[in-house]
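One structure is given here, and the rest of the page talks about it.
Values in this text are rule-based calculations from the coordinates and carry no lab data. Predicted model, so just to flag it, every value in this text is computed and none were measured. No Cβ is skipped: glycine too gets one built from the backbone with ideal geometry, and neighbour counts run over all protein chains shown.
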Amino acid sequence: MIVEQRSYTAHPGKVPEFLALVETEGLPIQRRHLGEPLGYFQAETGELNRVVHLWGYDSTEDRDSRRASLAADADWNAFVPKVLSLLVRMESVILRPAPFSAIGGRNMTEGATR
């Protein structure tokens, strides 16, 4: 298993608008292709105006396949410009869980990736 950590920095004051758009429009499209996110978070300390979301995949190949499917979705392509104008910066990091991690360790539970 791998976990993709996607971090977005929004323009000051735009996090609520970003999250509302994601919840009502973006997430339903993402779920069709990516499954359920492991989590969606907004920063309370440190770098503010930041949203972090985590997605689990079986492998980098699984991620590539699902992300390609999402990128080919006309609904997704109509949604993306709505949120891009709210963002200053985007970052994606691929994480491999340690063998003892509760998420994706040696005995990954069914459904943890979707």
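For this structure, a couple of remarks:
- Residue-wise HN-Hα couplings along the stretch 31-46, as the Karplus relation 6.51 cos²θ - 1.76 cosθ + 1.60 with θ = phi - 60° gives them from phi, are 4, 4, 10, 9, x, 7, x, 6, x, 10, 9, 10, 6, 10, 9, x Hz; Gly and Pro carry x.
- For the pair T45 and L84, the difference between a 0.36 nm per residue extended length and the Cα-Cα distance amounts to 11.7 nm.
- Label point distance in nm, E23-L95, each placed 7 Å from Cα along Cα→Cβ: 2.3
- Summary of the geometry: the stretch 64-80 and the stretch 32-55, compared by the centres of their Cα atoms, lie 18 Å apart.
- Peptide packing: for 51-59, 76-84, the average count of neighbouring Cβ atoms within 10 Å per residue gives the ranking 51-59, 76-84, highest mean first.
- Take every pair of alpha-carbon atoms less than 8 Å apart whose residues are at least six positions apart; their mean separation over the length of the chain yields a relative contact order of 44 percent.
- Placed amide H near L95: partners under 5 Å, 5+ positions off or other chain: V3, E4, Q5
- With contributions of -39500 (n - 2.57) from each DSSP H run of at least four residues, the per-residue ellipticity at 222 nm computed over the chain stands at -9500 deg cm²/dmol.
- Remark: the Cα gyration tensor places the chain in the oblate category, a/c being 1.5 or greater and a/b not exceeding b/c.
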